[in-house]
Amino acid sequence: MGDSYFEMVSEKIDMSSFTEEHASEPLYYSKLKDLMSSYSAVRKTRPDGSCFYRGLAFSYLESLLGNRQEISKFRERVMASRNELLEVGFQEQAFGHSYSTFLSLLDLAEKDGSVLSLLRAFNYPPISDNAVYYLRLVTSAFLRKRAEFYQPFVEEGLHIADFCTMHVEPMGTVCDHIHIIALTQALTIPLQVEYVDSADPTINQHVFPEGATPDIFMLYTQDHYTVLYRACEQGAGPV
């Protein structure tokens with residue numbers, strides 16, 4: 001598929017190879033080496049501001065491959081999210097195509113069950129970007145509907161609606177803690193993020209939603225998210 005750095009979602013890369021790419025950055029290198037005891041592979045995501053949404057969507061659907069019961073449950077949650085978009089004022093014509101595209105990825109995961117097919121879909125911009133856009137709207141709707149609770153966490157003195165318009169919905173706007181909380185709660189996606197920060201000597205772990213047992217793992221470093229695979233999952237193959 002060419003240079004993995006420019007793909008939207010890369011093939012699996014061995015954790016040791018990924019770590020060696022950061023050998024010239026001593027602090028990051030040391031922390032990534034520490035993670036090698038828990039994680040054996042990564043998937044890179046394109047650094048275009050949508051890396052979190054794209055990585056989360058791909059890795060969660062990948063984890064559901066072959067499990068029709070869980071795919072069916074997730075489809076119900078996605079369909080419920082459509083109603084929440086309508087409740088907060090989004091118009092069907094504004095999100096209908098991206099919603100249908102996201103559902104088509106669930107159909108692919110259920111009927112095809114192939115990691116390669118899923119990877120191809122996520123590297124086809126009309127599908128991949130529409131899926132990301134729908135997740136951005138789900139995040140926005142979740143925050144808007146619970147504006148009173150989330151308002152204190154919004155900086156710059158912005159009203160929650162303005163924050164969503166400026167920092168959640170537009171493609172390319174980067175993801176922050178509040179986005180992750182909202183999206184993982186909205187669709188009940190259990191996620192653990194390993195935070196590797198140059199300002200902190202330790203690796204910080206956060207689980208979303210709080211108290212969940214994570215199925216999906218991601219690395220955050222230098223304003224970018226990368227999909228992580230636990231060492232026990234490497235048997236799933238190199239795709």
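Residue under question is residue 205, and the condition is that it be assigned to a strand (DSSP E or B) and in contact (Cβ under 8 Å) with a residue 24 or more places away in the chain; does it hold?
Taking the combined requirement at face value, the residue does not satisfy it.
Has region 56-66 got at least one residue that is over 16 Å from residue 123 (Cβ atoms) and acidic (Asp, Glu)?
no
Tell me which residues, restricted to region 105-137, are open to solvent by less than 40 Å² (accessible area, probe 1.4 Å), touching a helix residue (DSSP H, G or I) at 6+ places or on another chain (Cβ under 7 Å) and without any contact (Cβ under 8 Å) to a residue 60 or more places away in the chain.
Listed by number, the residues that qualify are 105, 106, 109, 117, 121, 130, 134, 137.
Just need a number here: residues in region 162-180 that are aliphatic (A, V, I, L, M) and in contact with a Leu (Cβ under 9 Å, 6 or more places away or on another chain).
Looking only at that region, the number is 4.
What number of residues within region 43-53 are within 21 Å of residue 168 (Cα to Cα) and buried (at least 22 other Cβ atoms within 10 Å of the Cβ)? Give the derivation first.
From region 43-53, those within 21 Å of residue 168 (Cα to Cα) are 45-53; that's our starting set.
Next, only the ones that are buried (at least 22 other Cβ atoms within 10 Å of the Cβ) stay: 45, 50-53.
Qualifying residue count for the region: 5.
Can you list residue pairs whose Cβ atoms sit under 7 Å apart, with the first residue in region 7-35 being within 22 Å of residue 56 (Cα to Cα) and the second being part of a helix (DSSP H, G or I) and open to solvent by 60 Å² or more (accessible area, probe 1.4 Å)? Count only pairs 6 or more apart in sequence or on different chains.
So the pair list comes out as 19/33.
Determine, yes or no, whether residue 32 is among the aliphatic types (A, V, I, L, M), over 16 Å from the mean Cα position of the chain (by Cα) and either in a loop (DSSP other than H, G, I, E, B) or over 25 Å from residue 232 (Cα atoms) (or both).
No.
Can you work out which of the residues in region 154-171 that are open to solvent by 70 Å² or more (accessible area, probe 1.4 Å) and of a type outside the set (D, E, K, R) is nearest to residue 134 (Cα to Cα)? Full working, then the answer.
Step one: filter region 154-171 for residues open to solvent by 70 Å² or more (accessible area, probe 1.4 Å), giving 155-157, 159, 162, 165-166, 171.
Now narrow it down to the ones that are of a type outside the set (D, E, K, R): 157, 159, 165-166, 171.
Numbers: 157: 26, 159: 22, 165: 14, 166: 16, 171: 10 Å.
It comes out as 171.
I'd like to verify a number: residues in region 66-76 that are part of a loop (DSSP other than H, G, I, E, B) and crowded, with 19+ Cβ neighbours inside 10 Å, how many?
Keep residues of region 66-76 that are part of a loop (DSSP other than H, G, I, E, B), which gives 66-67.
Among the residues that remain, those that are also crowded, with 19+ Cβ neighbours inside 10 Å are: none.
Matching residues across region 66-76 total 0.
Anything in region 172-215 that is open to solvent by 40 Å² or more (accessible area, probe 1.4 Å), modelled with pLDDT of 95 or more and aliphatic (A, V, I, L, M)? List them, or say none.
Correct list: 181, 207.
Among the residues in region 22-30, are any modelled with pLDDT of 95 or more and within 17 Å of residue 223 (Cβ to Cβ)? Give the steps one after another, and end with the answer.
The initial filter retains those residues of region 22-30 that are modelled with pLDDT of 95 or more, namely none.
Checked region 22-30: no residue is modelled with pLDDT of 95 or more and within 17 Å of residue 223 (Cβ to Cβ).
Every residue, every condition in (1) open to solvent by less than 10 Å² (accessible area, probe 1.4 Å); (2) closer than 22 Å to residue 128 by Cα, yes or no:
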site	(1), (2)
15	yes, no
21	no, no
25	no, no
32	yes, no
55	yes, yes
61	yes, yes
78	yes, yes
91	no, yes
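Going by what's in this entry, would residue 210 be described as touching a residue at least 60 places away in the same chain (Cβ under 8 Å) and of a type in the set (D, E, K, R)? Quick ask: steps written out before the conclusion?
Values: touching a residue at least 60 places away in the same chain (Cβ under 8 Å): no; of a type in the set (D, E, K, R): yes.
No, not satisfied.
Residue 57 - would you say it is within 23 Å of residue 7 (Cβ to Cβ) and over 20 Å from the mean Cα position of the chain (by Cα)?
no
Going by the structure shown, is residue 156 at positive phi and free of Cβ contacts under 8 Å to residues at least 12 places away in the same chain? If you could, list the steps in order and put the result at the bottom.
Values: at positive phi: yes; free of Cβ contacts under 8 Å to residues at least 12 places away in the same chain: yes.
For residue 156, the condition - at positive phi and free of Cβ contacts under 8 Å to residues at least 12 places away in the same chain - is met.
The values are calculated or read from the model by the stated rules, or taken from the named source; none is laboratory data. Nothing here was measured: the structure is a model prediction, and the numbers come from that model. Reconstructed Cβ throughout: ideal geometry from the backbone, glycine too, with neighbour counts over all protein chains shown. Keep in mind that these areas ignore ligands, DNA and RNA; they rest on the heavy atoms of the full protein, side chains included. Shrake-Rupley method; radii C 1.70, N 1.55, O 1.52, S 1.80 Å.
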